[in-house]
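Peer 1: To start, I am sharing the structure in question, which I have written as structure tokens.
Read-outs: derived from the displayed coordinates by stated rules, not from any lab. The structure displayed is predicted, hence computed values, not measured ones. So basically every Cβ, Gly included, is an ideal-geometry build from the backbone, and we count neighbours across all protein chains shown.
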Amino acid sequence: MRDFLAEFVNRKADQGVRKIPKTYKKLSREAKAYVADVKQKNPLPVVSGFELDLETGALVLRSEAQDALTLWAQVAGTFSDDGSFMWGWGHPSVPQPLQQAAWAAQRYGDLQEISELLTRGGKASRKQAEEYTAIAAYLAHADGVFIGDHGGGGSVCLVWFYPENTKPYD
């Protein structure tokens, strides 16, 4: 299993960063900037459908404009239409190997005493779900994020990695 949090801290140290964000607000701001940057570097086509294999972590994005794109994914969490978010690490249907990016957020919250990252789930806005997904992507150094309707009254919030990168749970 990969330790995304240790990798994040080491990456920051290698970049000469002496302090990591200690508040949700600062972490969220850095995460959203990170996601904006990776979205610019790694734009996705307009997605017309997707499939996530929970056994392998393979995410297949379909587009009318081009062939299907296969990526590796981690589940940051789920967002339901009733306005609640559940972290991937607390979701009973998400296999442990696909929870690692979400666990990095939970462990970060524990270390920095950031309460927003410690609860398994609860009421949240779509904007908060996007922030949580950005935080998981930032900590995991993901190549991008994808939030897609799962057809059951909500959305799955994913962080993804290009196939040429190591599987996110090897």
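Peer 1: Near the amide H of SER84, under 5 Å away, which other amide H atoms are found, from residues 5 or more places off or on another chain, if H is placed in the peptide plane?
Peer 2: ALA124
Peer 1: While we're looking at this one, here's another question. If you work out Kirkwood radius over Cα pairs in Å from the coordinates, which of (1) 16.0; (2) 19.1; (3) 16.8 do you get?
Peer 2: Derived directly from the coordinates: (1).
Peer 1: Exceeding 24 Å between C-alpha atoms, which entries from my cross-link table qualify? They are LYS12/LYS32; LYS12/LYS41; LYS39/LYS123; LYS41/LYS127; LYS22/LYS127.
Peer 2: Violating the 24 Å Cα-Cα cut-off are LYS39/LYS123.
Peer 1: Highest first, please rank the peptides 136-143, 35-42 by the mean number of other Cβ atoms sitting within 10 Å of their residues.
Peer 2: The densest-packed peptide leads the list: 136-143, 35-42.
Peer 1: Over region 4-161, what is the relative contact order in whole percent, taking alpha-carbon pairs under 8 Å and six or more residues apart?
Peer 2: Reported relative contact order: 27 percent.
Peer 1: Could you tell me which residue out of GLN74, GLY122, VAL60 lies farthest along the dipole of the chain toward its positive end? Charges go on the beta carbon: Lys and Arg +1, Asp and Glu -1, centred on the Cα centre.
Peer 2: After comparing all options, I get GLY122.
Peer 1: Per-residue counts of other Cβ atoms within 10 Å, averaged by peptide: what ranking do you get for 149-158, 121-130, highest first?
Peer 2: 149-158, 121-130
Peer 1: Can you tell me which aspartates and glutamates have their Cα less than 19 Å from the Cα of LYS25? Leave out same-chain residues fewer than eight positions away.
Peer 2: ASP37, ASP110, GLU113, GLU116, GLU130, GLU131
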